[in-house]
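See structure below.
Read-outs throughout are calculated quantities, based only on the coordinates presented, and are distinct from any laboratory measurement. Quick caveat, the model's predicted, so the values are computed rather than measured. Heads up, the Cβs are rebuilt from the backbone with ideal geometry, glycines too, and the neighbour counts pull from every protein chain shown.
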C-alpha cells in the first residue's frame, strides 16, 4: 500500500502548477473565454513543447513520458485548480486513450501528433436522445467500398471548435441501444459533409453540435474492432470519468480555500464571519467532502486497469461521490461568500459553474448509482 | 376548518382567470415560461394593465387603494398568475416602499408618491445593503448630514456613501435608502429612511454582472447628494422601525409557492419529452420520479404553512417572525426546482446562450428551447438564500424571536 507520488510525478505536478501560477491567472482565463477563439492555442503549444505534459500518460515506446492514469489525475487536478479550458481531457485522455488501446496501425504516429500538439481531438459520443447511455446511438456508419459513410447528429461536443479530429461513436450494426454493432472512428474534422454549429458553454468552454451528412471516411478511420467497440468506449470513458473526478477535486479544493479566506476577512456583527459556528460546521463539511472525493479519485484511478466489472464499479462509485460533493461544496461556497459569491467578478462562481457541469458530465449521480447498483448488487444476486 | 373554496371564491377565480386571458399583453406571452430576460417596458406593460384595473396591489388595504381581497383571494390570484405564466410585478414599490409610505408617511408624502407608485410612473429600487453591511444591515455607513442651503433657506440632507446589490437600479426613478443620521447613537438608533430621486446630481449607478451573465444588480454611489428633508419617511433616527416593517413584508412574499408549482409543472413537461438512459421518458425513471415527488411534497408543506400564515394575517396579525419559515423553505424549494430542471436538461444544460442568436435565425437549433436557461437559472437562484436576510439570519430570527433562545 502506497499513496506516494514518484519523483517524476511530483515534478510533473510542480511544473504544470508553476506554469499555471505564472500564466493562467483568473483574468487571463477570463480574457480567453471572451476571445473569439475561446482558448489559447499558444498555451496548447506550450503544454506540448515547453512542458511536455501532453505525453504524460503514454509509454516511452509511444514517445510519451512513461506514465499512466496517475499522470492524467495529476494534470487534471491542476487543471481543475486553474479552471483550464484547453482540451487535455478530450485530446490526451480520450483521443489518446482510444488510440493507445486500439491496436491501430498508425496509433504510434497519431499519438505522436497528440504529444506534439498537432492533433487535437474532441469526443463526439452524446446524442440528443441518448442521455448518458453510451450505446444509445442513431448515428450510422455504413460500409461503402473500402470505407464508411457517416450520418447523424452529435450533441454538445466539448472542444470541437478547436479540434483537428473527432472521435465518433456510430452504429455499424445492431439496433439503437444494443451493446453490439457499435464502432469508433477517428475522423478528420475537415472531411466533406461535416457541419458544425459552435457555441460557448456555461462553464467557459466551447462546444459544437456536429452533423454528419454523408461523410465518407476511409477504412483506417476505424479504431478498434468493427461492431465490438462498446467495451473500448466504456474503458476510455471510465478513464475520462476518473480524470474529471480529479478535475473536480482541484476545483473543490480551490472553492474551499477561497471560502476559508473570505470567511476570515469578511466582518459582520463586529467579527469575522468565520467565527460563526453555523458557518464553521459548513466549512468543515466542505473539507470532509473534498477529502472523501480525493480518496475516491485515488481509488478509481488505481483500479482503472482491473477487470471491466471492477473498474466500472470503482469509477461509478467515485463519480457518485464527486457529483454529490461538487454540488455541496459549490453551493456552500457561494452561500458563505454571500452576494459576492453571486458575482461574475470573483473566481468562486466560475469554479461553481465548472463543478456543476462536472456533476452531469459522463453521467449524473443517478446514472452512476444505477450502474453501481447493477454491478455491485444485481450481478451478485 | 376546511380546505374548500366557497362559491364566491370560485366565482372570483373565474373572474381573474378570464381577466388575465383577455388582458395579459400579447407582447409578453411566453416570455416568463422561456425565462427570457425582460426589459423595463415589459414589466411596466403588465403593471399598467393591473393598475388600471385596481389589482396591482392585492395586499394593500382598501383605505390605501387596495382591492380589498381576502387572503384566500390573494392566494387564488397568485395561483392564476403563475398558471398563466404572467411576469411578476416589481416588488420594490408595491410590496416594499408603498406599505412603508402608507404606514409611516405624512398625508403629503402619500399624495406625492403612492399614486405614481401604483400606476407605474415611479420605478423604485432599494438602497439597503452596503459593501460592509449585508447580513449585519444595521452597521450601514452611508451618512446623511442635515444642513440649510443659504440659496433657498431650506433644509436638506447631504448624503454620502455606497449602496450595493441594488436590483434594477439601472431603471429606477427613485431609491429608498437607509442612511445614518446620527453617528453617535447605538447602531440601530441613528438610522433614517430617505427617498431619493435617482436624477439628483452625485448619484452613479454601476452594473454588477452575476453568475448567469445577468445585469440585475448594481452598485449605487452617492456623492454629496442633496436630498430635501421632506423626503424622509417617519422620524429622524427612527428609520430602523420602517426597515424592520419592510423586511417582514418582503419575507412574506418570498415563499413563491405558485411560481414553484409552475416550475415543477414545467419539469414534468420536460421529463415527458426527455428520455432516460433506457429510452423510456425521464418521468418514468424511478430515481427522477422520486425526486419530483419529494419536491412536490415539500412544496405542499410550504403551501399549507403559507396558507396558515395568510389566515392568521387576515385575522389581524401582521406578518411576524414566522414569515422567516416561509423565506427559508420557499427559497430552498425554488433552488431545488432549478436543480431538477438542470438535471432534466441533460447534455443541453451546458450550452450558453447569452448574446447569442436563438430565435429567428435560420441556423440549426442547439437542443430544445426549454433547456436553454436551466443552468443560468440554477446559478441565479442561488441568490435567494442570500438576499432579503440570508437563510442563516432567518434561522437566527426564528431562534430568538419564535423559540426565545
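Here are the numbers for this structure:
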read-out	value
Packing rank of A:346-354, B:104-112, where each peptide gets the mean count of other beta carbons within 10 Å, highest leading	A:346-354, B:104-112
Gaussian network model of chain B, springs between alpha carbon atoms under 10 Å - residue of B:324, B:377, B:27 with greatest fluctuation	B:27
Length added when fully stretched, residue A:295-residue A:307, from 0.36 nm per residue minus Cα-Cα	2.3 nm
Euclidean distance of C-alpha centroids, the range B:59-109 and the range A:169-204, integer Å	54 Å
For B:44, B:114, order by how many other beta-carbon atoms lie within 10 Å, fewest first	B:44, B:114
Mean Cα-pair separation over length for the range B:16-160, i.e. relative contact order, pairs under 8 Å, 6 or more apart, %	18 percent
Overall Cα dimensions of chain B, principal axis frame, Å, largest first	78, 54, 48
Contact order normalised by residue count of chain B, Cα under 8 Å, 6+ apart, percent	13 percent
Contact order relative to length of the range A:49-121, as percent, for alpha carbon pairs under 8 angstrom and 6 or more apart	35 percent
Stretch gain in nm, segment residue A:35-residue A:21, where the contour uses 0.36 nm per residue and the Cα spacing is subtracted	3.0 nm
Cβ neighbours within 10 Å from other chains - mean over B:207-219	3
Value at 222 nm in deg cm²/dmol, rounded to 500, when DSSP H runs of n ≥ 4 in chain A each add -39,500 (n - 2.57)	-16000 deg cm²/dmol
Chain A - Rg (one decimal) and Dmax (whole number), Cα, Å	20.9, 78
Chain B: angle of helix B:286-314 to the longest principal axis, Cα-based, in degrees nearest 10	40 degrees
Averaged over A:361-369, number of beta-carbon atoms from partner chains that fall within 10 Å	3
Spin-label pair residue B:287/residue A:191, simplified geometry with 7 Å Cα→Cβ offset, distance in nm	3.3 nm
Equivalent ellipsoid, the protein assembly as shown (semi-axes from 5 times Cα gyration tensor eigenvalues, Å)	53, 30, 24
Helix axis angle, A:365-376 relative to chain A longest principal axis, alpha carbon, degrees	70 degrees
Within a Gaussian network of chain A (alpha carbon springs, distance under 10 Å), most fluctuating of A:118, A:77, A:306	A:306
Cβ-Cβ FRET estimate between residue B:121 and residue B:237, R0 fixed at 41 Å, reported to 0.05	0.85
Between the range B:129-149 and the range B:1-16, the Cα center-to-center distance that results, in Å	46 Å
Shape category assigned to the range B:123-239 from the gyration tensor of Cα positions, a/c cut at 1.5	oblate
Distance between modelled label sites at residue B:108 and residue B:206, nm, 7 Å Cα→Cβ extension	3.6 nm
Segment residue B:48-residue B:17, length gained on full extension (0.36 nm per residue, minus Cα span)	9.4 nm
Footprinting exposure proxy for B:5, B:245 (fewest neighbouring C-beta atoms within 10 Å first)	B:5, B:245
Residue order, fewest to most surrounding Cβ atoms within 10 angstrom, among A:257, B:41	B:41, A:257
Mean-position separation - Cα centroids, the range B:286-350 and the range B:178-230, in angstrom	32 Å
GNM result for chain A, Cα springs below 10 Å: residue of A:237, A:182, A:215 fluctuating most strongly	A:215
Shielding score for A:340-349, defined as the mean number of other chain Cβ atoms within 10 Å	5
Degrees, to the nearest 10: B:239-252 long Cα axis against longest axis of chain B	10 degrees
